[in-house]
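The values are calculated or read from the model by the stated rules, or taken from the named source; none is laboratory data. Model, not experiment: these values are computed from the prediction. A quick note on method: Cβ atoms are made from the backbone with ideal geometry, for glycine too, and the neighbour counts reach across all protein chains shown. We work out accessible area using only protein heavy atoms, side chains counted, and drop any ligands, DNA or RNA first. Shrake-Rupley method; radii C 1.70, N 1.55, O 1.52, S 1.80 Å.
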Amino acid sequence: MFEGILSQLAILAILNSLVPSMGGVAGNQTLTLVIRGIALGHVGDSNAKALLNKELAVGFLNGVIWALLIATVVAIWKQDMMLG
């Protein structure tokens, strides 16, 4: 009787693990680049705000692109636009 709901919940459980994983990878990459920049003297008081704004913009754009891509794949795969 609940086969449809259970199949949707199973896919949500799978997709739910993607979000923290992608966030962790992006955070580690950003942290690595910032630490490297500080060590090499490329990050200082004069450009810290510009670099922070750039990282925020890239992070936002990256999130939007991946959200649209994953939503499209899920909507096509499961043939359910609302699930995507």
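Can you tell me what percent of all Cα-Cα pairs in the chain are more than 18 Å apart? Pairs farther apart than 18 Å: 57 percent.
Span-like helix check, the chain: qualifying full DSSP H segments, with Cα axial length of 20 Å or more and mean Kyte-Doolittle of 0.0 or more, are 18-40, 48-78. Considering only Met1, Gly41, Trp77, the residue lying farthest towards the positive end of the dipole of the chain is Gly41, judged by Cα position with unit charges set on Cβ. Ranking Leu9, Leu83 by solvent-accessible area of protein heavy atoms (1.4 Å probe, all protein chains present), from largest to smallest, gives Leu9, Leu83. Among the protein heavy atoms of the chain, carbon and sulfur supply 71% of the accessible surface, probe 1.4 Å, non-protein parts ignored.
Once the 1.4 Å probe is applied to the protein heavy atoms, the chain comes out at 83 Å² accessible per residue.
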